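The values are calculated or read from the model by the stated rules, or taken from the named source; none is laboratory data. Because the structure is a prediction, the values reported are computed rather than measured. Using ideal geometry, Cβ is built from the backbone for each residue, glycine included, and neighbour counts are taken over all protein chains shown.
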Amino acid sequence: MGAHLNAFTSRELTIYYMQVFKKNIKNAVDILGDMLLNSLYRTSDLEAEKGTILQELEEVNKDSMEVLLENVYFAAYREHMMGQPILGARENICSVTRDMVTNFHKTNYFGENMIIVGTGDVDHKELVDLVKHHFANCHRKPPEGLERTGMNKPIYTPGLMMQRDDEMENCCTGVFYRAPSWMHEDYYTFLLLERIFGTYSVENNFNKLNNVDKQYNSFAAFLAKRKDIIKQQAIYSPYSDCGLFGNYFMGNEAHAMDMNFCGLYFPTRFSDYIDEIEVARGKQKLYCELASLESTGELMQTIGQQILYWNRRVSRCEIAKRIASISRKNIMSTCYNWFYNNVVSLLSL
């Protein structure tokens, strides 16, 4: 047939997807339906998959940013499911049994908990008919007696966490605040804030042809004066009933205090003043990202999340209009409500 089949997991959802030619849509829906509803979960297959997950976990642990972000979630949400690592702990992975997997499948893989999305040159009626046929055996609700766990709302708890690794050449720090969820009215403002803070790296920003002083980004200009701060990235991660916003830094250990200062100072500074040019630059960056959203895989993921959280498809035009309506004063007010005199989580690696 010729197709691409893959899956990935985040903290709130798991996505299974296939990329196929138009003539093979029927086969794709058939395979996905059979895989999600009729999997055998043989013990030998589970043991083989454990090895794959352990390899992925080992690769993730080599990425300092991924390690720091996992620490951020644990510091913010502690024992809640949102605070646990996506891939899990090594000892937990090895202890997973077939009964645990089948119980999880029965508890979470039911009709009201699934969203099926088709993107590209897809006939809507044909897709609906195929789903009705190949997902006909899917129960609308989980069986009686099985209770979904970890559904209580996570409570943000500020914390301080330091993890020492003497083999690292540089240190990494993160400063993170409580942030709005997907359904909150400040969601779009935080999308814009993420672009205003942006991403900084010595390789891309510290040279004559791309001088930060000419980019109208006060945050990047401030970082450029501290040459031993190598990287910075703003991160906004919204979920159904919670969210996190902050900045990740990497640099010389001697500048750890400067990195923490940057993460604390600029979000609160924007509650008092932000340049109109910085707002316009952030909007243009977001518009460019919307315009470049063309691949069927990216659209599939975007539409699925919109239906999951908003129960409707939101067009790029509507998103652009909402972003355009955000003023400088809106951003200052949002920063004041969420950042000014609020507690933070400080992480160091």
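I'm trying to understand the selection: among the residues of the range 19-30, which are touching a strand residue (DSSP E or B) at 6+ places or on another chain (Cβ under 7 Å) and without any contact (Cβ under 8 Å) to a residue 40 or more places away in the chain?
Selection gives A28 alone.
Would you be able to tell me the number of residues in the range 154-168 that are assigned to a loop (DSSP other than H, G, I, E, B) and surrounded by 10 or more Cβ atoms within 10 Å (Cβ to Cβ)?
Final tally of qualifying residues: 9.
Look at the range 261-284 and say how many of its residues are crowded, with 19+ Cβ neighbours inside 10 Å and either in contact with a Gly (Cβ under 9 Å, 6 or more places away or on another chain) or at pLDDT below 90 (or both).
3
Residues in the range 88-102 that are of a type in the set (A, V, I, L, M, F, W, C) and touching a residue at least 60 places away in the same chain (Cβ under 8 Å): how many?
1
Pull up the range 190-223, narrow it to residues that are in contact with a Lys or Arg (Cβ under 8 Å, 6 or more places away or on another chain) and over 19 Å from L286 (Cα atoms), then point me to the one that is modelled with the highest pLDDT.
S201
Could you count how many residues in the range 66-99 are surrounded by 17 or more Cβ atoms within 10 Å (Cβ to Cβ) and assigned to a helix (DSSP H, G or I)? Break it down into steps so the answer makes sense when it comes.
Let us first name the residues in the range 66-99 that are surrounded by 17 or more Cβ atoms within 10 Å (Cβ to Cβ), namely 67-77, 80, 82-85, 87.
Those still in the list that are assigned to a helix (DSSP H, G or I) too: 67-77, 82-83.
Going through the range 66-99 one residue at a time, the tally reaches 13.
Quick check, is R140 at pLDDT 90 or above, assigned to a loop (DSSP other than H, G, I, E, B), of a type in the set (K, R) and on the phi < 0 side of the Ramachandran plot?
Judged against the criteria, R140 is a match.
State yes or no: is N330 in the same structural domain as L192 (by TED's automatic domain parsing), part of a helix (DSSP H, G or I) and closer than 21 Å to V72 by Cβ?
So N330 does not fit the description; no.
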